[in-house]
Amino acid sequence: MQNQSSNQSDWLRSYYFTRAAFSLIWIAAAILLAGQAGAAAFLLVIYPLWDALANLVDARVNGGLRANPSQTLNVVVSTVTALAVSIALGKSTHAVLAVFGAWAILSGLLQLYTGVRRWRTEGAQWVMILSGAQSALAGGFMIGRALGTATPTIHDIVPYASFGAFYFLLSSILLAVAAYRKAHA
């Protein structure tokens with residue numbers, strides 16, 4: 001049982017680190033390529049697709065889609081979001097930001113639920129719970145901004161991605177510290 005717990009902790013540590021790394025690369029690309037419409041559009045579609053893929057892989061590693069309903073739903077929500085962003089790109093940047101805001105709310109609540117569910121078996125889940133709650137709040141902020149008069153850009157999503165990267169990296173570090181302490185106890 002301890003080996004299974006250790007494997008799960010190793011998986012989550014790697015998973016969270018990979019999610020943080022992707023977000024940091026996405027942020028850098030968003031900042032550098034914001035003025036290029038095609039590149040920015042690609043980044044706006046790829047971000048929720050990455051989330052869908054990451055949730056799919058994590059759910060499969062942790063017992064499958066049936067055993068992880070919040071992640072299964074997050075795969076669907078993130079995939080639909082990528083399609084909605086593709087459509088919204090043809091409408092306006094306000095529509096794109098509103099779609100991202102709705103996604104941030106839904107995926108944040110699902111992440112929060114996943115963190116609560118994992119709390120019993122894994123450490124560092126308080127960070128994922130906090131991240132999910134903040135994602136939901138950020139989504140409300142994005143929707144409010146989308147309803148405003150200022151023209152949104154990809155830079156309006158960068159802070160959201162930045163906090164996500166921070167939370168995933170912090171979770172990875174906390175799990176690494178816990179594993180180190182456990183190994184040297």
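The values are calculated or read from the model by the stated rules, or taken from the named source; none is laboratory data. The structure presented is a predicted model; accordingly, all values stated were derived computationally and were not measured. Cβ coordinates were reconstructed from backbone atoms using ideal geometry, including for glycine residues, and neighbour counts include every protein chain displayed. To get the accessible areas, we keep the full protein, side chains included, count just its heavy atoms, and leave off ligands, DNA and RNA. Shrake-Rupley method; radii C 1.70, N 1.55, O 1.52, S 1.80 Å.
Return one number: the angle in degrees, 0 to 90 and rounded to the nearest 10, between the long axis of the Cα atoms of helix 2-33 and the longest principal axis of the Cα atoms of the chain. The angle comes out near 20 degrees. How tilted is helix 158-183 with respect to the longest principal axis of the chain? Cα atoms for both, answer in degrees (0 to 90, nearest 10). For 158-183 against the chain, the angle is about 10 degrees.
Counting 0.36 nm for each residue step from VAL177 to VAL80 and taking away their Cα separation leaves a gain of 31.3 nm. Counting only protein heavy atoms and a 1.4 Å probe, the stretch 1-151 has 51 square angstrom of accessible area per residue.
Ranking ALA102, TYR15, THR79 by Cα position along the charge dipole of the chain, where only Lys, Arg, Asp and Glu carry charges on their C-beta atoms, puts TYR15 farthest toward the positive end.
The label point for VAL61 and the one for LEU49, both projected 7 Å from the Cα toward the Cβ, are 2.2 nm apart. In sequence order, the stretch 88-100 has phi-based couplings of 5, 4, x, 9, 6, 5, 4, 5, 4, 5, 5, 4, 4 Hz under the Karplus curve 6.51 cos²θ - 1.76 cosθ + 1.60, θ = phi - 60°, and Gly or Pro positions carry x. Of the solvent-accessible surface of the stretch 40-168, computed with a 1.4 Å probe and all protein chains present, 74% belongs to carbon and sulfur. Remark: relative contact order (the chain) = 29 percent; criterion is Cα-Cα distance under 8 angstrom and separation of 6 or more residues.
When the alpha carbon gyration tensor of the chain is reduced to an equivalent ellipsoid, its three semi-axes come out at 31, 16, 14 angstrom, largest first. Rolling a 1.4 Å probe over the protein heavy atoms leaves VAL96 with an accessible area of roughly 10 Å². Among SER135, SER92, SER78, the residue with the largest mean-square fluctuation in a Gaussian network model of the chain, with springs joining Cα atoms closer than 10 Å, is SER92. Comparing the stretch 1-105 with the 2.2 N^0.38 Å rule of thumb, its C-alpha radius of gyration ratio is 1.23 (two decimals).
Charges were assigned to the Cβ only: +1 to each Lys and Arg, -1 to each Asp and Glu. The resulting dipole of the chain about its Cα centre is roughly 360 debye.
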